[in-house]
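Each reported figure results from applying straightforward, stated rules to the coordinates on display, with no laboratory input. Nothing here was measured: the structure is a model prediction, and the numbers come from that model. Here the Cβ positions follow ideal geometry from the backbone for every residue, glycine too, while neighbour counts run over all protein chains shown.
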Amino acid sequence: MQVLTVVLLGGQYHCHPAIAASERGIECVWLLLDFADFAEETRAAAEGLPTQELRRLDEVLGGRAAELFEAFVASGRAQGLAGPWSSTARNSLAQDYSFALLGRREAHMVARALGERGICRVVDPMAGTGLHARLLSEAGLQVEASDAQPGTAGGFCWHPVSQRFLEAHQLPSNSDAGFGGDCSHSALFLSWPPRSEAAASALRSFSGPMLVVVGDRGKWHGSESFHKALEENWSLVLQADLLTWPRLQDDLRIFCRVEKRIWGICFVPSVVVVYLCQ
């Protein structure tokens, strides 16, 4: 049996290759969680500095968080995420980074697919810590991010995230209420929306032509009315598998709004371009 020598956090020991793979994942998680604590403490200590300096600091911290998360995703793709540590890692990273394991590769895929259809702006009303907004912004998209409770467990955001609530009575149909202005050339981004009606309300209010959904196709995310609206009013144009936590099967899907369909072509009057839908 092959045995590897592993150096982890300053200690050296011998282990089976499968355990070595787990240790690499554990080290990535440790670095991410340690950095989240460091970022929160650094940002708190910097309060009172000029706004420009704070923005520069936030940019540095957010960029480093994206790099560390990408390293974890790359490790997971190469070695897998199975192990007794994965459940704890999933819950901890969901609080300080993201539940979905969306990496830079997927962010660039989204930016490319939207760009080909004339879309350069994304609105993310459930942005959480802002990690996805950070990745999409790095990929070249303009991102309007908000959340009812923005930030990590300590309240820090990896990308600017405003506090905004998605209440059904506050979101008239096709009004773009809560999305930072006109969305006629924007895509709505929803990652693991809750089982409540919040995502359905956001979808009803959003008037833009494109939608990006990260989740497990309804087993654990989104309400019945949300998935019904997807089926009736949106057409899939791109689907990509993601790295997932054990026992989950989430993916990334991009949809176009179907306002009129003739021979498989989606016509969206609010956008200059006309494009094919699968």
Exercise for the section: Evaluate E = 1/(1 + (r/R0)^6) for Cys120 and Arg247, where r is the Cβ-Cβ distance and R0 equals 41 Å; express this FRET efficiency to the nearest 0.05. Expected result: 0.65
Exercise for the section: Extending each Cα 7 Å along its Cβ direction at Arg217 and Glu41, get the distance between those two points in nm, one decimal. Expected result: 4.5 nm
Handout entry: Whether region 50-135 is rounded, prolate or oblate, judged on the alpha carbon gyration tensor where a/c under 1.5 counts as rounded
Key = oblate
Fill in the blank from the handout: Here FRET efficiency (C-beta to C-beta, Thr51 to Arg105, R₀ 30 Å, nearest 0.05) is 0.35
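Report the gain in length on full extension from Trp30 to Ala71: 0.36 nm times residue separation, minus Cα-Cα distance, nm rounded to one decimal.
Numbers: separation 41, 0.36 × 41 = 14.76 nm, distance 1.20 nm.
My answer for the length gained is 13.6 nm.
What's the local net charge at Glu138, with K and R +1, D and E -1, over the other residues with C-beta under 13 Å away? Let's see the in-between values first.
Numbers: positive: Arg64, Arg104, Arg105, Arg134; negative: Glu59, Glu67, Glu70, Glu106.
Neighbourhood net charge equals 0.
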